[in-house]
Amino acid sequence: MIARQLFHVWGFLASTFISFFVVGCSPQPNTLSSREPPEQKQATYVGGQQCSNCHQQEWNLWENSHHDLSLQAAGPDSVLGNFSNTTFSYNGIITEFFIRNDAYWTKTDGPDGTLTEYEITHAIGSEPLQQYVTKFADGHYQVLSIAWDTRTEEEGGQRWFHLYPNDVVNHNDPLHWTGVYQNWNGTCADCHSTNLKKNYSRTETAFQTNYSDINVSCEACHGPGSLHAQQPETFQLTFSENLSADWLFSENSSIAQRVPALEEHTEIEICARCHSRRSQLTDEHNPGDPFLDAFRPSLLDDGIYHPDGQIQEEVYVYGSFLQSKMYAAGVTCSNCHDPHTANLRFEGDALCAQCHLPSKYADQSHNHHEEQNEEMTCANCHMPSQTYMSVDPRRDHSFRVPRPDLSIELGSPNACNNCHSIETPQWAANKITEWFPEGRLGTPHYGQAINAGRIWSAERMPLLLALVNDPSLPSIVRATGIRLLANQLDDLSLSTIENLLYLNEPLIQLEGLAALNNVGIDTRINFAQRFLTSPLRALRIEAAKLLLPARSELSERRQADLDKALNEYLDSQDFNSERAEGLLSLGNTFVQMNNLAEAEDTMRAAINNEPYFTAAYVNLADVYRQTGRENEAEILLRSAIENNPQNPAGYFALGLSLVRSGQAREAIEMLDNAATLAPNEPYYHYVTGIALNSNGETEAGLAKLHVTHNQFPGHRDTLFALATIYRDEENWNAAELYTRRLLTISPSDGPAQVLLTEIEGITTP
């Protein structure tokens with residue numbers, strides 16, 4: 001388990017119970033999609049109780065489901081924890097739980113560490129754990145990090161426990177329950193209630209959060225129901241895709257195929273609103289609207305996913321499912337999960353047998369295990385689980401074939417060793433080779449390219465280029481490849497990304513636009529301006545960020561498009577401004593608009609909100625630099641280090657500031673501190689080598705760069721630095737060696753080509 005999971009409350013519903021999807025009440029076409037008639041947009045939320053008048057059967061199924069119990073007002077019928085004057089000890093703090101005047105209370109450490117009494121206002125979830133909410137001033141609601149284990153005593157439950165049992169989370173820690181990461185309004189509310197409006201005021205630092213239903217009710221999935229309630233035959237609340245399709249077995253296939261093929265993913269995207277790891281752009285969004293019109297999903301990033309795409313931190317299903325052959329085959333959520341009870345449609349392997357013939361797959365010839373037992377299930381082999389929040393196991397929805405050979409190569413887990421834990425991945429790989437001598441292992445996998453990109457291997461460029469150009473791979477995988485390529489663009493990779501922008505794959509287009517942050521204005525204009533009018537908000541605002549510096553070079557019509565999209569971007573950051581990240585994004589936008597005073601105020605607000613948020617210090621220090629206040633920048637960055645001494649970015653920024661101030665020796669020390677704290681980040685190591693060389697310590701600088709190159713052989717800047725320093729030292733052989741090595745990994749690198757020509761002109765008689 002990842003101990004310090006920042007977003008453990010957000011998406012609790014998704015993480016606690018996997019069944020969640022809603023099918024329509026009627027086979028009529030969806031009137032909630034982007035193609036709906038304009039009058040449907042006038043529909044309002046009426047509350048799930050009204051739905052029960054006509055849909056009693058569905059209502060009865062939904063009652064007491066996980067969706068129904070997602071959030072409840074605290075009371076004897078909802079609170080499952082033991083509040084009978086019980087206590088819980090965590091890192092020297094004794095927390096009390098008790099009842100006073102029929103209300104539920106806790107006494108625990110507050111924002112300043114003082115033991116304080118708080119009334120419990122709400123209960124989140126029901127199994128396998130339940131969390132509790134308290135109210136603070138200005139509409140802020142906070143979620144306790146001490147939760148109740150609702151499992152039976154035999155299962156180890158019926159106890160209080162802390163969500164970070166192996167850490168020391170005190171009142172100064174950003175993960176403390178009174179901090180922003182445990183704020184109910186901005187972190188969990190949107191997925192636990194229906195029609196949630198956060199209503200945060202940046203100027204007043206206050207919430208006025210409201211909702212239509214306290215829990216996840218009918219309209220959370222079917223959309224606003226007022227017009228349907230008035231004219232049920234005219235205004236249907238069903239999904240656009242045909243969910244009543246058949247799954248048929250062909251004569252030669254043991255796996256059923258969907259007939260007709262699925263062409264839309266409305267249901268999946270509705271579920272993804274909560275069952276995904278994502279950032280939110282707005283709460284002006286109804287079920288059926290495109291996912292990227294209000295959200296931006298996380299990609300297969302390091303620390304969240306293993307290199308091969310398996311879940312590492314909690315990802316809430318969607319990003320995992322997008323990688324699967326199930327998704328590609330047209331499987332939807334409701335094929336496996338009952339939409340109203342939030343239960344699996346069938347128990348055990350019978351669920352899989354809907355589409356996978358038992359005669360082939362429920363057999364020793366398939367699983368190769370002589371002794372059958374309760375652990376021998378389809379899910380355990382193809383959907384291994386990982387436990388989050390201490391007690392909550394959740395399955396990987398990428399539905400992959402076990403690959404212990406990738407465990408050996410990439411360090412990712414595999415299902416074989418989950419059961420055979422005393423054995424090694426090599427043992428497991430040998431077993432599979434015995435079973436499949438024709439060759440099951442060793443086939444190429446996109447995880448190899450993603451890993452190469454992460455570790456900066458010499459093969460990263462060709463592997464990533466092959467990955468992003470492979471139309472057979474899922475869009476989330478190709479988008480991840482683009483993000484990795486963007487860290488080091490050359491002519492070929494840039495041309496590749498530009499071509500990918502023409503694909504009708506919104507996730508790929510979105511990441512392709514983000515990659516253009518590293519290119520010149522002309523290229524941005526050529527490829528980004530058409531996205532200013534995209535039907536998807538995420539694409540519009542990404543284009544706006546790119547084109548803001550180029551506004552004066554756009555046509556009058558495009559300037560108007562840019563202004564509209566830019567306002568949407570500013571609104572999205574204002575929407576998230578209870579978080580330092582949102583305030584910082586606003587501040588950086590003000591910098592691009594040359595409004596440095598507003599930028600400074602906004603970044604200071606970010607620091608005040610989250611004193612440990614190093615990025616705000618770094619960007620504010622840059623504002624100081626731009627306004628000739630380098631001394632103030634230095635003081636600010638030292639404060640950043642004091643507030644978050646484990647963040648390398650503070651040391652790195654301070655090092656650069658000290659370089660500009662002529663304090664070279666301390667600057668090098670700070671840069672080296674950053675490199676030490678981020679051993680897998682080549683840029684910090686590279687800059688340290690450059691700084692040493694610039695300070696006249698050429699031998700030490702070269703030594704640092706050699707170590708960096710050996711660890712990250714695919715890092716372009718390190719190779720270029722080695723080549724140019726050796727050129728300056730007139731060590732022509734070494735200069736040519738590293739230049740050619742650079743051109744081997746990046747043949748279209750223009751500066752390297754120029755450098756090689758220069759060297760050859762000197763060394764060739």
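For region 432-446, what are the residues that are touching a residue at least 40 places away in the same chain (Cβ under 8 Å), touching a helix residue (DSSP H, G or I) at 6+ places or on another chain (Cβ under 8 Å) and not in a loop (DSSP other than H, G, I, E, B)?
First, pick out the residues of region 432-446 that are touching a residue at least 40 places away in the same chain (Cβ under 8 Å): 435, 445-446.
Filter again for touching a helix residue (DSSP H, G or I) at 6+ places or on another chain (Cβ under 8 Å), leaving 445-446.
Correct list: Y446 only.
When residues of region 687-699 are filtered for being farther than 12 Å from I725 by Cβ and in a helix (DSSP H, G or I), how many remain? Count: 3. If you check E634 against the conditions, is it within 30 Å of the chain's Cα centre (by Cα), at pLDDT 95 or above and acidic (D, E)? The answer is no for E634.
A search for C-beta distances below 7 Å between a residue of region 71-91 that is farther than 19 Å from D102 by Cα and any residue that is surrounded by 12 or more Cβ atoms within 10 Å (Cβ to Cβ) and of a type in the set (S, T, Y), counting only pairs 6+ apart in sequence or on different chains, returns L71/S193; F88/T95.
Does V9 satisfy being under 32 Å from the mean Cα position of the chain (by Cα), modelled with pLDDT of 95 or more and not in a helix (DSSP H, G or I)? So V9 fails the test. Filter region 48-86 down to the residues that are among the aromatic types (F, W, Y) and farther than 23 Å from T134 by Cα, then identify the one that is surrounded by the most Cβ atoms within 10 Å (Cβ to Cβ). Here the residue is W62. I'd like to check something: does region 199-209 contain any residue that is within 19 Å of Q142 (Cβ to Cβ), in a helix (DSSP H, G or I) and either in the same structural domain as V46 (by TED's automatic domain parsing) or out of contact with any strand residue (DSSP E or B) (no Cβ under 9 Å at 6 or more places or on another chain) (or both)? No, region 199-209 contains no residue that is within 19 Å of Q142 (Cβ to Cβ), in a helix (DSSP H, G or I) and either in the same structural domain as V46 (by TED's automatic domain parsing) or out of contact with any strand residue (DSSP E or B) (no Cβ under 9 Å at 6 or more places or on another chain) (or both).
Checking each residue in region 137-155 for being surrounded by 16 or more Cβ atoms within 10 Å (Cβ to Cβ) and out of contact with any Pro (no Cβ under 8 Å at 6 or more places or on another chain) picks out G139, H140, Y141, Q142, V143, L144, S145, I146, A147, W148. Note on region 73-84: residues that are closer than 17 Å to D149 by Cα and either of a type in the set (S, T, N, Q) or part of a strand (DSSP E or B) (or both) total 3. Scoring S201 on the criteria (1) farther than 30 Å from L351 by Cβ; (2) touching a Gly at 6+ places or on another chain (Cβ under 6 Å) leaves a single failure, condition (2).
Does G288 satisfy the criteria of being at positive phi and either of a type outside the set (D, E) or crowded, with 17+ Cβ neighbours inside 10 Å (or both)? Please lay out each step first, then the result.
Working: at positive phi: yes; either of a type outside the set (D, E) or crowded, with 17+ Cβ neighbours inside 10 Å (or both): yes.
Here the answer is yes, as G288 does meet what is asked.
Under 8 Å between Cβ atoms, which residue pairs at least 6 apart in sequence (or on different chains) link something in region 291-314 that is assigned to a loop (DSSP other than H, G, I, E, B) with a partner that is acidic (D, E)? Taking only residues 6 or more apart or on different chains, the pairs are A294/D283; A294/E284; L299/E511; G303/E313; I304/E313; Q310/D396. Return the pair list, or none, for Cβ contacts closer than 8 Å from residues in region 546-566 that are surrounded by 15 or more Cβ atoms within 10 Å (Cβ to Cβ) to residues that are at pLDDT 95 or above and not in a helix (DSSP H, G or I), at least 6 apart or on different chains. Partner pairs satisfying both residue conditions: L547/L554; L562/L554. The single residue among E568, E578, E556 that is over 27 Å from the mean Cα position of the chain (by Cα), modelled with pLDDT of 95 or more and of a type in the set (D, E) turns out to be E556.
In this structure, does D308 turn out to be charged (D, E, K, R), at negative phi and surrounded by fewer than 19 Cβ atoms within 10 Å (Cβ to Cβ)? Working first, answer last.
Working: charged (D, E, K, R): yes; at negative phi: yes; surrounded by fewer than 19 Cβ atoms within 10 Å (Cβ to Cβ): no.
For D308, the condition - charged (D, E, K, R), at negative phi and surrounded by fewer than 19 Cβ atoms within 10 Å (Cβ to Cβ) - is not met.
Considering each residue of region 714-722 in turn, none proves to be charged (D, E, K, R), farther than 18 Å from L492 by Cα and part of a helix (DSSP H, G or I). The set of residues in region 339-368 that are farther than 23 Å from Q386 by Cα, assigned to a loop (DSSP other than H, G, I, E, B) and either acidic (D, E) or in contact (Cβ under 8 Å) with a residue 12 or more places away in the chain (or both) comprises P339, H340, T341, Q354, C355, L357, A362, D363, H368.
So which residues in region 87-112 are assigned to a loop (DSSP other than H, G, I, E, B) and surrounded by 13 or more Cβ atoms within 10 Å (Cβ to Cβ)?
Within region 87-112, the first condition is being assigned to a loop (DSSP other than H, G, I, E, B), and the residues that meet it are 91-92, 101-102, 110-112.
Once the filter is applied, which keeps residues that are assigned to a loop (DSSP other than H, G, I, E, B) and surrounded by 13 or more Cβ atoms within 10 Å (Cβ to Cβ), region 87-112 yields G110, P111.
Across region 474-504, the qualifying residues are those that are more than 21 Å from P307 (Cα to Cα) and either in contact with a Gly (Cβ under 8 Å, 6 or more places away or on another chain) or β-branched (V, I, T) (or both), and the one among them that is surrounded by the fewest Cβ atoms within 10 Å (Cβ to Cβ) is D491.
Looking at region 622-677, which of its residues are among the small types (G, A, S), surrounded by fewer than 20 Cβ atoms within 10 Å (Cβ to Cβ) and either in a helix (DSSP H, G or I) or assigned by TED's automatic domain parsing to the domain that holds N172 (or both)?
We begin by selecting, within region 622-677, every residue among the small types (G, A, S); these are 628, 633, 639-640, 649-650, 653, 655, 657, 661-662, 664, 667, 674-675.
Now drop any that are not surrounded by fewer than 20 Cβ atoms within 10 Å (Cβ to Cβ), which leaves 628, 639, 661-662, 664.
Listed by number, the residues that qualify are S639, A664.
A search for C-beta distances below 9 Å between a residue of region 156-174 that is at pLDDT 95 or above and surrounded by fewer than 16 Cβ atoms within 10 Å (Cβ to Cβ) and any residue that is part of a loop (DSSP other than H, G, I, E, B) and of a type in the set (K, R), counting only pairs 6+ apart in sequence or on different chains, returns Q158/R151.
Scoring E375 on the criteria (1) outside any helix (DSSP H, G or I); (2) more than 30 Å from S748 (Cβ to Cβ); (3) out of contact with any helix residue (DSSP H, G or I) (no Cβ under 8 Å at 6 or more places or on another chain) leaves a single failure, condition (3).
For T433, the test of being more than 18 Å from L300 (Cα to Cα) and polar (S, T, N, Q) is passed. Scanning region 534-545 for residues that are surrounded by fewer than 15 Cβ atoms within 10 Å (Cβ to Cβ) and without any contact (Cβ under 8 Å) to a residue 40 or more places away in the chain turns up nothing.
Could you count how many residues in region 399-429 are among the polar types (S, T, N, Q) and modelled with pLDDT under 95?
Step one: of region 399-429, the residues among the polar types (S, T, N, Q) are 407, 412, 414, 417-418, 421, 424, 426.
Now drop any that are not modelled with pLDDT under 95, which leaves 418, 421.
Count: 2.
Scanning region 572-621 for residues that are out of contact with any Leu (no Cβ under 6 Å at 6 or more places or on another chain), outside any helix (DSSP H, G or I) and either free of Cβ contacts under 8 Å to residues at least 12 places away in the same chain or under 13 Å from R202 (Cβ atoms) (or both) yields a count of 5.
The values are calculated or read from the model by the stated rules, or taken from the named source; none is laboratory data. Everything numeric here is computed off the predicted structure, so don't read it as measured data. We place every Cβ from the backbone using ideal geometry, glycine too, and count neighbours over all the protein chains shown.
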